[in-house]
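Structure first, commentary second.
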Amino acid sequence: MKRIQRFMVGRHGADQLSAFLLIMSILAMWIGRMTGVSLFMLIGYLLMGIGFYRIFSKDMMSRRRENSEFLRRSIPVKNKLKHWVESIGGNTKQAHSHRYYVCTKCHKQLRVPQNKGKKVIKVVCPACRNQMKK
């Protein structure tokens with residue numbers, strides 16, 4: 001363990017971009033293995049080489065700059081993907097006990113208890129006080 005620690009002194013180490021590259025390399029190699037297309041295997045090995053190069057690199061400033069650029073570009077994509085997944089099935093815990101409506105005036109999402117009262121219910125938006133019959 002001490003030898004590995006001494007070897008890694010002065011090296012960049014793993015960060016989000018190198019982890020992403022290694023995961024993508026494994027995914028590409030798996031796709032190549034399943035489909036039999038050797039181009040995916042080549043891309044996987046290339047991504048793995050770049051990932052390990054970044055981990056063992058001694059040029060820390062360049063690697064930090066690359067990682068911060070990766071984070072700057074990937075965080076909005078990650079947030080959009082998270083929002084999309086939540087809009088599809090993110091409320092699965094409350095899907096049986098509540099209904100979700102969108103206010104026609106201010107477009108806020110409203111959560112209403114399900115199976116309470118009559119078939120047609122009157123929903124009042126707490127933000128704009130708009131009344132809707134659902």
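The numbers here are math on the coordinates, done by the rules we state, and not lab data. Note that the structure is predicted; figures quoted are calculated from it, not measured. As a convention, Cβ positions derive from the backbone with ideal geometry for all residues, glycine included, and neighbour counts pool all protein chains shown.
Listing for the model above:
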item	result
The chain - mean residue ellipticity at 222 nm from DSSP helices (-39,500 (n - 2.57) per run, n ≥ 4, rounded to 500)	-19500 deg cm²/dmol
Percentage relative contact order, the stretch 12-134, counting C-alpha pairs under 8 Å, at least six apart	18 percent
The stretch 7-82, relative contact order in percent, only Cα pairs under 8 angstrom and at least six apart counted	40 percent
Point-charge dipole on Cβ atoms (K/R +1, D/E -1) for the chain, about Cα centre, debye to 20	980 debye
Pairwise label distance in nanometres, Met1 with Trp30, each label 7 Å out on the Cα-Cβ vector	3.0 nm
From the C-alpha gyration tensor of the chain, square roots of 5λ in Å	50, 20, 14
DSSP H segments from the chain that extend 18 Å or more along their own axis, Cα-based, with Kyte-Doolittle mean of -0.5 or above	16-35, 38-56
Net charge contributed by nearby residues that have their C-beta within less than 12 Å of Ser18 (K/R +1, D/E -1)	+2
Residue order, fewest to most beta carbons within 10 Å, for Ile31, Ile43	Ile31, Ile43
